[in-house]
Amino acid sequence: MYPSPRFLPAGDKALVAEFGNKIDPKTNEKVRQIFIALQQLEVKGITEMIPTYRSLLICYDPLETGVKELKKTVLEINRSASQVEIPEPLVYYVPVKYGGNHGSDLDYVAAHNNLSEEEVINLHTEPLYRIYMLGFTPGFCYLGGMHDAIATPRLKNPRVRIPAGSVGIADKQTGIYPIDSPGGWQLIGSTPLCIFDASASSPFLFGSGNYIRFVRINTDEYQHIKEQVEQGKYSVRTEEKSCSENH
């Protein structure tokens with residue numbers, strides 16, 4: 001992690017503040033601290049902020065503020081970032097039906113890693129995954145913490161359409177497709193949850209800095225949860241992350 005943020009221009013209405021040069025929980029936590037502190041201060045001129053693995057994109061109205069003022073504010077916050085009060089991260093329990101029609105590439109992931117399908121599922125549901133950032137498509141979570149033992153290359157020829165809710169693996173990453181979209185990840189399962197709803201007051205189910213734990217379900221459970229989600233009756237199980245749990 002850098003001792004002081006590195007600033008980079010992003011056009012004439014945005015500034016990037018970088019806090020490190022690698023992906024790790026400590027650097028990502030600093031991004032989250034600065035992001036939340038700027039939200040709390042309601043800094044004049046800031047129109048949008050997008051936290052990433054190791055940086056924060058700050059969009060602004062040049063008629064109300066400028067790069068000099070924003071840099072000064074970020075540096076001041078950074079010096080006392082440890083004092084920033086941030087909400088305790090939440091753990092979201094995400095139900096997943098693995099294999100078959102819900103995860104057509106599970107057999108390939110297993111064969112590629114000389115594992116059984118059952119071993120792949122066990123390894124995939126074991127970790128607590130940190131949500132480092134959202135991107136690619138609205139609500140797509142970039143997760144950290146997957147076992148290297150199930151890492152699998154992307155498809156050589158990406159699919160034109162992957163259904164919303166599909167859970168996939170690409171190299172050492174795993175994630176959930178929030179909407180129907182093209183993609184090249186190996187599909188191992190599917191969740192009945194609605195990850196992104198453009199009509200909702202809070203369109204994103206997950207936020208960066210929180211955590212996901214995948215929970216295996218059967219076909220009947222999948223269908224039951226799906227029906228509840230469609231009727232607006234399903235509440236995703238969450239709990240505050242314990243300090244003793246892994247990052």
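Every number in this text was worked out from the coordinates using simple rules, so none of it is lab data. Because the structure is predicted, anything quoted here is derived from the model rather than measured. Heads up, the Cβs are rebuilt from the backbone with ideal geometry, glycines too, and the neighbour counts pull from every protein chain shown.
One table, with the values for the structure above:
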| item | result |
| --- | --- |
| Amide H within-cut-off set for Tyr234, under 5 Å, with H built and near neighbours excluded | Val229 |
| In sequence order, calculated HN-Hα J values of the range 74-86 (Karplus, 6.51, -1.76, 1.60; Hz; x Gly/Pro) | 5, 5, 5, 5, 4, 5, 10, 4, 5, 8, 5, 7, 10 |
| Angle between the chain longest axis and helix 25-41 axis [Cα atoms, degrees, rounded to 10] | 60 |
| 3J(HN,Hα) from dihedral phi, the range 107-121, Karplus parametrisation 6.51/-1.76/1.60, rounded to Hz, x for glycine, proline | 5, 5, 4, 5, 5, 4, 9, 6, 10, 7, 4, 4, 5, 4, 4 |
| Amide H contacts of Gly189 (H built 1.01 Å from N, under 5 Å, at least 5 apart or other chain) | Gly99, Val167 |
| Built amide H within the under 5 Å cut-off of Met133, gap 5+ | Tyr142 |
| Candidate lysines for bridging to Lys226, where Cα separation is under 23 Å - those fewer than 8 sequence places away on the same chain excluded | Lys97 |
| Distribution of pairwise C-alpha distances over the chain, 5 Å bins, in % | 1, 6, 12, 16, 17, 15, 12, 9, 7, 3, 1, 0 |
| Estimated vicinal HN-Hα couplings, Hz - the range 96-105 in sequence order (Karplus 6.51, -1.76, 1.60; Gly, Pro = x) | 9, 9, 9, x, x, 5, 8, x, 5, 9 |
| Qualifying trypsin sites (Lys or Arg not before Pro) for the range 1-84 [loop in DSSP, other Cβ within 10 Å: at most 11] | Lys22, Lys44 |
